[in-house]
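A quick write-up on the structure given underneath.
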Amino acid sequence: MKVYVLRLGHRVQRDHRVTTHCALVARAFGADGLFFTGDRDTSIIISVQDIINRWGGPFEIAYIPNWRVWLKKKVRDGFEVMHLTMYGRPVNKVINNIKRSKKDKLIIIGAEKVPGEVYEIARHNVSITLQPHSEVAALAVFLDRLFNGKELEKKFTTPELVIMPQFRGKKVKRVGKK
Ligand code: SAM
């Protein structure tokens, strides 16, 4: 099962850090890739690719110029679309239903106002609490529920660096030559 994230409405000036963090959370918490729309911003791709090079993959990161066309194709390809929004149904009520389906998943997260059609296209509009907070937190909680916490032990392939957990201090092993 593939799990992709679509980040809508990226704004170069305001969202560099948050969109990068969405991608880092998507990667660390077991998704296969993050695609973003809004302003074209190659610095996001460079930052995330640098993390992939050092800490391992695989993980896809790309800018999507026309998200409506891209999303329709993903639906045609059989992806089940989830939209994370505080207005949706609580994650605890819908997650078992979502997990029963073995279809590939596409998780949509917004920046500012999300276009109304996204609520219609989504098979599930899912809330992570009924309070406003952050796409970074919403994505982390949703992925953790989707993968039952197993993503926390995910091993990445061809890393350059691997952390050796310590009681205190930091130990990083260089395992790849780059
Ligand atoms: N009021 C805005 C809305 O939902 O249209 C909140 C925008 S918030 C800064 C950016 C994104 O964070 C939202 O589009 C949504 O994907 C995510 N988000 C924020 N709070 C959430 C919640 N309680 N549950 C699920 N997703 C949430």
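Give region 116-130 a look and list any residue that's within 12 Å of the ligand (Cβ to nearest atom) and closer than 18 Å to ARG145 by Cα, or say none.
Within region 116-130, the subset within 12 Å of the ligand (Cβ to nearest atom) is 116, 118-119, 122, 124-130.
Those that are within 12 Å of the ligand (Cβ to nearest atom) and closer than 18 Å to ARG145 by Cα: HIS124, ASN125, VAL126, SER127, ILE128, THR129, LEU130.
Could you check, for region 92-107, whether at least one of its residues is closer than 15 Å to LEU8 by Cβ, touching a helix residue (DSSP H, G or I) at 6+ places or on another chain (Cβ under 6 Å), modelled with pLDDT of 95 or more and not in a loop (DSSP other than H, G, I, E, B)?
In the first step, residues of region 92-107 are kept if they are closer than 15 Å to LEU8 by Cβ; the result is 106-107.
With the extra rule that they be touching a helix residue (DSSP H, G or I) at 6+ places or on another chain (Cβ under 6 Å), the set shrinks to 106.
Those still in the list that are modelled with pLDDT of 95 or more too: 106.
In the following step, the residues that additionally are not in a loop (DSSP other than H, G, I, E, B) were identified as 106.
Yes: one or more hits.
Of the residues LYS113, LYS99, which is out of contact with any Asp or Glu (no Cβ under 6 Å at 6 or more places or on another chain), more than 28 Å from ILE51 (Cα to Cα), among the basic types (Lys, Arg) and more than 16 Å from the ligand (Cβ to nearest atom)?
On the way: LYS113 fails: more than 16 Å from the ligand (Cβ to nearest atom).
Of LYS113, LYS99, the one residue that is out of contact with any Asp or Glu (no Cβ under 6 Å at 6 or more places or on another chain), more than 28 Å from ILE51 (Cα to Cα), among the basic types (Lys, Arg) and more than 16 Å from the ligand (Cβ to nearest atom) is LYS99.
Restrict the check to region 132-153 and report whether at least one residue is surrounded by fewer than 11 Cβ atoms within 10 Å (Cβ to Cβ) and within 16 Å of the ligand (Cβ to nearest atom).
yes
Just to check your reading of the model, which residue among GLY169, GLY116 is farther than 26 Å from TYR87 by Cβ and surrounded by fewer than 16 Cβ atoms within 10 Å (Cβ to Cβ)?
Values: GLY116 fails: farther than 26 Å from TYR87 by Cβ.
Of the residues listed, the single one that is farther than 26 Å from TYR87 by Cβ and surrounded by fewer than 16 Cβ atoms within 10 Å (Cβ to Cβ) is GLY169.
Pick out the one residue from GLY38, GLY56 that is closer than 21 Å to LYS154 by Cβ, in contact (Cβ under 8 Å) with a residue 60 or more places away in the chain and not hydroxyl-bearing (Ser, Thr, Tyr).
Details: GLY38 fails: closer than 21 Å to LYS154 by Cβ.
Every option except GLY56 fails the conditions.
Are any residues in region 44-90 more than 24 Å from VAL12 (Cβ to Cβ), away from the ligand (no atom under 16 Å from the Cβ) and not in a helix (DSSP H, G or I), and if so, which ones? Explain how you work it out, then say what you get.
Here is the first cut: in region 44-90, the residues more than 24 Å from VAL12 (Cβ to Cβ) are 54-58, 72-82, 86-90.
When the remaining residues are screened for being away from the ligand (no atom under 16 Å from the Cβ), the result is 54-58, 72-80.
GLY56, GLY57, PRO58, ASP77, GLY78, PHE79, GLU80 - these are the residues of region 44-90 that are more than 24 Å from VAL12 (Cβ to Cβ), away from the ligand (no atom under 16 Å from the Cβ) and not in a helix (DSSP H, G or I).
Does region 102-109 contain any residue that is of a type outside the set (Lys, Arg) and away from the ligand (no atom under 16 Å from the Cβ)? Talk me through it step by step, then tell me what you get.
Here is the first cut: in region 102-109, the residues of a type outside the set (Lys, Arg) are 104, 106-109.
From the residues that got through so far, the ones that are away from the ligand (no atom under 16 Å from the Cβ) too are 104.
Within region 102-109 (the criterion being of a type outside the set (Lys, Arg) and away from the ligand (no atom under 16 Å from the Cβ)), the answer is yes, since at least one residue qualifies.
The values are calculated or read from the model by the stated rules, or taken from the named source; none is laboratory data. Predicted, not measured: the structure shown is a model, and the values here were computed from it. Neighbour counts are summed over all protein chains in view; Cβ atoms, including those assigned to glycine, are modelled from backbone coordinates with ideal geometry.
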